[in-house]
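Undergrad: The structure's right below; bear with me while I get my questions together.
What follows draws every value from the coordinates through simple rules; no lab data is involved. Just so we're clear, the structure is a prediction, and the values are computed from it rather than from any experiment. Backbone-built Cβ (ideal geometry, glycine too); neighbour counts: all protein chains shown.
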Amino acid sequence: MPFSISLTVNGQPNSIALDDPRVTLLDLLRERLHLTGTKKGCDRGQCGACTVLLDGRRINACLTLAASLDGSTVTTIEGLADGPELHPVQAAFIACDGLQCGYCTPGQIMSAVGLLSEGHAGDDPERVRELMSGNLCRCGAYQGITQAVLEAGH
Ligand code: FES
């Protein structure tokens, strides 16, 4: 039976009709709202490519059912920049070469934004690596990623 949810995405309120309670937030973002910056890697909670902020906390969108999100607020990579002005974490990833092919980068950046806003990172590279360990990079750009998170946290 069709139903609808109210979901604010990147500051934009949406009323979204759903006819399948199994639709994930990831598929909703990419296929219904055409926000394809959030990537689908494993689709089973193992790679972090789909990381977004839900009410300010980082989550895997592939593991989150859209039907459970009525009244929630989601921020995706498309919602970070302020017009032409990049978010400080985006700027730090560029400055520190925190990417190679770029596929995992939106998830890496959203994860970094989440952990920095929770005040968890500090100055310890080992702690940053641990906090970012849910985000895999097949190119192995981890050194630049860690550096970017440290720089953005200053
Ligand atoms: Fe969600 Fe890999 S696509 S964790």
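Undergrad: Averaging sequence separations of C-alpha pairs under 8 Å and six or more residues apart, then dividing by the length of the range 30-125, give the relative contact order as a whole percent.
TA: RCO, the range 30-125: 31 percent.
Undergrad: Also, I was wondering about something else. Taking the range 113-154, how much of its Cα-Cα pair set, in percent, is spaced more than 17 angstrom apart?
TA: 19 percent
Undergrad: Further, regarding this structure: For the range 12-58, calculate the relative contact order in percent as a whole number, restricting contacts to Cα pairs under 8 Å that are 6 or more residues apart.
TA: In percent, rounded to a whole number, it is 21.
Undergrad: For the chain, take the longest principal axis of its alpha carbons; what is the angle in degrees between that and the long axis of helix 105-117, to the nearest 10 within 0 to 90?
TA: 80 degrees
Undergrad: On to the next question. Starting from 0 in steps of 5 Å, tell me what percent of the Cα-Cα pairs of the chain lands in each bin.
TA: Cα pair-distance distribution for the chain, in percent: 2, 10, 20, 22, 19, 13, 8, 4, 2, 0, 0.
Undergrad: Placing unit charges on C-beta atoms (Lys and Arg positive, Asp and Glu negative, everything else neutral), compute the dipole magnitude of the range 46-154 about its Cα centre in debye, rounded to 20.
TA: That gives a dipole near 320 debye.
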